[in-house]
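The values are calculated or read from the model by the stated rules, or taken from the named source; none is laboratory data. The structure displayed is predicted, hence computed values, not measured ones. Cβ: placed from backbone, ideal geometry, glycine included. Neighbour counts: every protein chain shown.
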Amino acid sequence: MEPAIHPQLRDLRAILVTGKGGVGRTTIAAAVARAAATAGRRVLLAEFEEPSHVRRSPLAACFGQVVLPSEPTVLDQGIWGVTLDADLGTQLFLESVFKVPVLARLALRLPALRRMLHSGPSFHELGLLYHLLHSLRATRPDGSPRFELVVLDMPATGHTLAITGLPAILLRLVRRGPIAEALMAGQAIFNDPRQAAAWVVTLPEPLPVSECLDLVAGLRRTEVPVGLVIANRVPRDPFTPEEHRALDEILAHGQPRGLTGLERIRRAEGALRRLGQALEIPLLRVAEIEGGEPHEGVSRQLVAELA
């Protein structure tokens, strides 16, 4: 009997883990990859390249490594990791056009072409998107996908929307040829709810929830399906409903110690109610981890919740 698994983890080809900086997006992305691998899927965990001066990857750190290379490398049982690289993506695209890899490499050595690729608008993002598409298309000798699921640790909100909206914008300008074909191939995957979905990570606080709602609206404008909202670091509530009512009576007569913690719990519940009322999307709560390595605790929770 196959292990139980959340339908989206079982059926999708790509999950885009996104959210504003500081909400624990990278930790969640690593945990999602672990959950899918635990259920038996071959998972590629991907991130976008950082500026050249950045020498440490928080995503790689979740697996005891410093950085992820631009070619898939084994991170754990059933999990490979990769950094999506714009230059490599451009090379792969040119190889698909010229059909001869050496011609693509020779073309990339031309100073004029390199200047255009590094300075022209959207060429960098195009390279990243093609590297991602190439990873999704990779096959094993028997013709099956090399990676059954790609989990992508997206950049912060603004860059995410710039990337997800890019294909539609460029297809208005470039309607034919190899670039248009690659963009349409990407759209066929990332705009199809049967193949891809964005999982939006937030915190149970008023401002992050507002930003989450804005991001969901932005993703819908770019026609990326939103499959799940994950509320991360939800404070644990030690009180029963009866105890909360008793606390209300006590608070009516004074301000006891521990009020700050209680207010935080109630503020989180209010934020989560707002999310539930505003969105017709499944909401998954991830409890706050006390002590130990956060990514390990989150992984255990998600493996249990997503199964």
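Tabulated results
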{"item": "Subset of segment 62-71 (residues that are crowded, with 19+ Cβ neighbours inside 10 Å and either in a strand (DSSP E or B) or out of contact with any helix residue (DSSP H, G or I) (no Cβ under 6 Å at 6 or more places or on another chain) (or both))", "result": "63"}
{"item": "Some residue of segment 243-253 being at pLDDT below 90 and under 21 Å from residue 301 (Cα atoms)", "result": "no"}
{"item": "Of all residues in segment 75-89 being surrounded by fewer than 18 Cβ atoms within 10 Å (Cβ to Cβ) and over 19 Å from the mean Cα position of the chain (by Cα), the one that is modelled with the highest pLDDT", "result": "77"}
{"item": "Breaking point among (1) out of contact with any Asp or Glu (no Cβ under 9 Å at 6 or more places or on another chain); (2) crowded, with 20+ Cβ neighbours inside 10 Å; (3) closer than 20 Å to residue 218 by Cα; (4) at pLDDT below 95, for residue 19", "result": "(1)"}
